[in-house]
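Just so it is clear, none of the values below were taken in a lab; they were calculated from the coordinates. All values reported here derive from a predicted model rather than from experimental measurement. Cβ: placed from backbone, ideal geometry, glycine included. Neighbour counts: every protein chain shown.
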Amino acid sequence: MNNTSNMVKVAVVGGEGIGPEVTAQSRRILDWFAAKRGVPMTLREAQYGVIPYLETGKVLPEDTVEAMDEADAILWGATGGPETKQVPPAARKAGSLLSLRSKYDLYANLRPIVAHPALAGAAPLKAEVLKGVDFVIIRELTSGIYFGEPRGIETLPDGQRRGFNTEQYTTNQVRRAARAAFELARTRRGKVCSVDKANVLETSVLWREEVIALHTQEFSDIELTHLYVDNAAMQIVREPRQFDVMVTGNIFGDILSDCAAMASGSLGMLPSASLGPVDRFGRRKALYEPVHGSAPDIADKGIANPLGSILSVAMMLRLTLNRAEDANLLEAAVAAALAAGARTMDIAEPGATKLSTAEMGDAVLLALEKVAGKERERA
């Protein structure tokens with residue numbers, strides 16, 4: 001029996017739009033691993049968004065703040081949607097996802113891009129392009145143009161309005177993102193591609209120089225290449241299998257990871273992990289979430305794809321709980337469910353039966369039982 005002092009605390013925050021729907025299925029997966037595999041964790045549900053705002057005047061009520069502050073890992077759903085018009089911009093900004101990234105210093109965002117063979121028929125790219133695709137985009141998450149100052153909208157003397165934002169990076173901000181990429185590459189195929197726009201932007205010149213310097217000093221065993229961001233977008237579509245680990249700044253990573261979703265079949269398939277610095281006890285705060293947004297057009301219809309959220313649980317098992325075997329088990333179960341024909345609307349081939357959100361959760365749980373049973377037989 002696990003001692004409660006060894007328990008990993010997980011805050012489950014469904015949020016808005018389809019967030020609560022997909023997170024409900026991830027919660028079922030977490031419950032399965034706690035019950036069937038003895039994974040030592042305690043789960044605490046918490047609310048975020050317009051519903052708690054209407055009750056408390058805050059999108060992040062005190063109970064939710066406490067749950068996330070105490071948590072080792074946060075399982076996040078989504079934020080945003082038409083109903084957010086009920087929340088004043090100042091209240092929304094105070095509890096935004098950007099503010100949480102800054103508060104917990106979640107500087108490294110990992111987005112795995114894996115092309116499942118079973119989805120080749122539904123993917124927008126050709127099957128031969130997708131064969132063997134398995135890479136990770138590391139997006140620097142707490143700096144760059146999303147956080148730089150000054151920023152704003154002003155009226156010029158001639159009456160025109162001007163909007164402005166500031167793109168900026170420091171040595172340390174670049175190097176810790178690059179370090180995360182190099183360290184990850186050492187556990188994979190030993191290749192890092194750094195993406196910038198050094199032919200135009202001074203921040204990108206700094207980015208490239210600092211990545212090269214760190215590589216020379218500490219990671220010369222890793223193969224390092226560089227691409228401009230426009231070329232990187234083309235290469236992701238042209239030949240995505242060439243990449244192992246890609247590292248880039250905040251805004252470029254935001255754009256490229258959505259582009260790379262087409263190499264996985266659907267945005268609904270993509271998980272992510274946002275990691276903070278390692279503390280003196282060897283722990284690091286982490287937030288796990290599907291890459292898709294709140295998708296308000298399909299919210300409450302029970303048709304959203306929960307696999308991005310479920311695969312985010314696999315990342316949590318690997319990165320926070322240090323349960324690589326369990327992470328592999330879950331990823332194998334998702335692959336098995338897809339191979340058996342489980343499809344939600346967004347990944348369904350013409351004529352295929354479309355599962356609801358909960359039915360896809362059922363399919364993954366059934367596959368987990370089967371894959372775990374085969375594992376026991378081999379043991």
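So what are the chain's ellipsoid semi-axes, whole angstrom, largest first, if each one is the square root of 5 times an eigenvalue of the alpha-carbon gyration tensor?
Its equivalent ellipsoid spans semi-axes of 31, 27, 22 Å.
Report relative contact order for the chain in percent, whole number only (criteria: Cα-Cα under 8 Å, sequence separation at least 6). Write out the running numbers ahead of the final one.
Numbers: 751 pairs, mean separation 78.1, N = 379.
21 percent.
With no solvent and one point on each alpha carbon, what is the Debye value of log10 I(q)/I(0) for region 244-294 at q = 0.26 Å⁻¹?
Log-scaled intensity ratios, in q order: -1.09.
List every residue whose amide H lies under 5 Å from the amide H of I222, counting only residues 5 or more places away in sequence or on a different chain, with H placed 1.01 Å from N in the peptide plane.
none
Using the Cβ atoms and a cut-off under 14 Å, what net charge is assigned to the surroundings of D63, where Lys and Arg are +1 and Asp and Glu are -1? The partial results should precede the final answer.
Numbers: positive: R44, K58; negative: E45, E55, E62, E66, D69, E70.
Within the 14 Å Cβ shell, the charges total -4.
Provide the per-residue ³J(HN,Hα) series for region 96-109, in order, calculated from phi with Karplus coefficients 6.51, -1.76, 1.60 and θ = phi - 60°, each as a whole number of Hz, with x at glycine and proline positions.
Once θ is set to phi - 60°, the couplings for region 96-109 become 6, 5, 4, 5, 5, 4, 5, 4, 9, 6, 7, 7, 10, 9 Hz.
Pairs of alpha-carbon atoms within less than 8 angstrom and 6+ residues apart define the contacts here; what relative contact order does region 235-316 have, in percent? Could you put the intermediate results ahead of the total?
Working: 90 pairs, mean separation 23.6, N = 82.
Relative contact order for region 235-316 comes out at 29 percent.
Highest mean first, how do 139-151, 271-283 rank when packing is the count of other Cβ atoms within 10 Å averaged over residues? If you can, show how the numbers build up before the last one.
Values: 139-151: 18.7, 271-283: 15.2.
Result, highest mean first: 139-151, 271-283.
Each residue of region 272-285 in order: what ³J(HN,Hα) in whole Hz does its phi give by Karplus 6.51 cos²θ - 1.76 cosθ + 1.60, θ = phi - 60°, with x for Gly and Pro?
Running phi through 6.51 cos²θ - 1.76 cosθ + 1.60 with θ = phi - 60° gives 7, 9, 10, 10, x, x, 6, 8, 5, 9, x, 9, 9, 5 Hz.
Taking every DSSP beta bridge with both residues inside region 124-263, roughly what % is antiparallel (nearest 5)? Mind dumping the intermediate values first?
Values: 4 of 18 bridges.
DSSP beta bridges in region 124-263 are roughly 20 percent antiparallel.
Write down Rg/Rh for region 262-379, rounded to two decimals, with Rg from the C-alpha atoms and Rh from the Kirkwood relation over Cα pairs.
Numbers: Rg = 15.7 Å, Rh = 15.4 Å.
The Rg/Rh ratio comes out at 1.02.
List the residues, sorted by chain then number, that are 5 or more residues from V133 or on another chain and whose placed amide H is less than 5 Å from its amide H.
Here A115 satisfy the definition.
Once you keep just the Cα pairs under 8 angstrom separated by 6 or more residues, what percentage relative contact order results for region 124-263? Before the final figure, lay out each step's value.
On the way: 231 pairs, mean separation 52.6, N = 140.
Across region 124-263, relative contact order equals 38 percent.
So what J values fall out for region 202-209 if you push phi through Karplus, 6.51 cos²θ - 1.76 cosθ + 1.60 with θ = phi - 60°, rounded to Hz, Gly and Pro as x?
5, 4, 6, 4, 4, 3, 5, 4
Enter the mean projected area of the convex hull around the alpha-carbon atoms of region 124-263, in nm², rounded to one decimal. Could the numbers behind the result be given before it?
Numbers: hull surface 39.3 nm².
Mean projected area of the Cα convex hull: 9.8 nm².
Taking H placed 1.01 Å from N in the peptide plane, check which residues at least 5 places from R323 or on another chain put their amide H under 5 Å from its amide H.
For R323, whose amide H was placed from the backbone, the distant partners under 5 Å are R318.
Applying a 10 Å radius around every beta-carbon, put 352-360, 295-303 in order of their mean neighbour count, most first. If you can, show how the numbers build up before the last one.
Values: 352-360: 17.4, 295-303: 15.8.
So the peptides 352-360, 295-303, ranked by packing, come out 352-360, 295-303.
Could you order peptides 104-111, 321-328 by the average number of other Cβ atoms within 10 Å of their residues, highest first?
On the way: 104-111: 22.6, 321-328: 16.4.
Most protected by this proxy first, the peptides run 104-111, 321-328.
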